[in-house]
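Reviewing the structure listed below.
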Amino acid sequence: MLLEELYQIVKQGSELPIEFWKDDLNSKKNELIQSLQKLSDKLDDKTNTKKQIDILINTLKQDKINELSLAKNLAFVPNVFTNTADAKIQKLLNDYQIKLKTFLISAQLSNSANESREKLKENLSIEQQIEYDKDLYSKTGMFYCLEYYLTLYKKITDSKTEQEKKFFIETDEVDVGIAKLPGLWLDFYKNEVLEKFIYLILNDSERIKLLKAYFSTKNIFMGIQKSCINNEPCKFIYNPTSLTNANDSLRQLIVSMIQSFQHMGINNLGSQFLTPYGEKPLLSDLIKVI
């Protein structure tokens, strides 16, 4: 069914940037184009929906599919199915809209970051690009990302009860004395580290490795469902993600980040503000104890 196939695309887009699933999309896009063309042929030429479906078809025909164009034009697909009374289709449409919203946000962020990186690369020599990345890692990457995750990871692992551990995930703000930090669920929901650090890395190899690690962990954390009703305190439902899953995935992301820092020639924590594991420990030692 066409709607189910398109739902799988928006689901993939909500979970990962297109570079991680473009091969899968390319393998089935010819069949999708044929199905969409049949759908388009049934629609009134004067309708906006037909125009957008035709634009979606043209987007899929491109050798290099633009992620943002794809997300924007997939937004018009539900218009074709809204009049159906079938309960299964209605549920699928609802799920489609939820995933599409996340896909659109992700595609917009990715597109903006791609444009910014390309402009930087045009104006910087290879040597300057290397220095730019080192500066990004040693400042923003260190203070606001790696040490932030390490601080909350240690808070969780040092906590004795499940409720204490969950606090560092669920709360909007964690007071660690020297600073107030966002809780982990909120951080991943708002793509803070992605936007401030990972998407800004010019080194393609390091950026792609960190993107994969980041989204793997983000998707685990987004598996903790946040429910807010009226003025009542929000509730967090650990299904399908468990507390153990979340903490293990955070550790894996931290390990991937440490390895990336080492590849960039940075071998110690900065410890300028946050010192969860003491003053300027070696990253090689840190990996063994977390």
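The numbers here are math on the coordinates, done by the rules we state, and not lab data. Keep in mind that this is a model prediction, so the values were computed, not measured. Note: ideal-geometry Cβ built from the backbone for every residue, glycine included; neighbour counts use all protein chains shown.
Quick notes on this one:
- Sorted fewest first by neighbouring Cβ atoms within 10 angstrom, MET142, MET264 come out as MET264, MET142.
- Set of lysines near LYS64 by C-alpha distance (under 17 Å), chain-local residues within fewer than 8 positions excluded: LYS22, LYS28, LYS29, LYS72
- In angstrom, the C-alpha Rg and Dmax of the chain are 21.7, 68.
- Rg over Rh [alpha-carbon atoms, Kirkwood Rh] for segment 87-176: 1.16
- Principal-axis tilt of helix 204-221 within the chain, Cα atoms, nearest 10 degrees: 80
- Whichever aspartates and glutamates have a C-alpha closer than 15 Å to that of LYS280, once near sequence neighbours (fewer than 8 apart) are set aside: GLU147
- In the chain, taking the dipole from charged Cβ atoms about the Cα centre, the farthest positive-side position among PHE81, SER112, GLY141 is held by PHE81.
- Residues whose placed amide H lies under 5 Å from that of LEU181, excluding near-sequence neighbours: VAL174, ASP175, VAL176
- Check: the chain dipole with +1 on Lys, Arg Cβ and -1 on Asp, Glu Cβ, in debye: 440
- Mean separation of Cα contacts under 8 Å, 6 or more apart, over the residue count of segment 209-279: relative contact order %: 29
- The lysines within cross-link reach of LYS180, meaning a Cα-to-Cα straight distance under 20 Å and a gap of 8 or more places when in the same chain, are LYS139, LYS154, LYS155, LYS165, LYS166, LYS190, LYS196.
- Highest-first packing order for the peptide set 93-102, 108-117 is 93-102, 108-117, based on the mean count of other beta carbon atoms within 10 Å.
- Radius of gyration over Kirkwood radius for segment 2-105, both on Cα atoms: the Rg/Rh ratio is 0.94.
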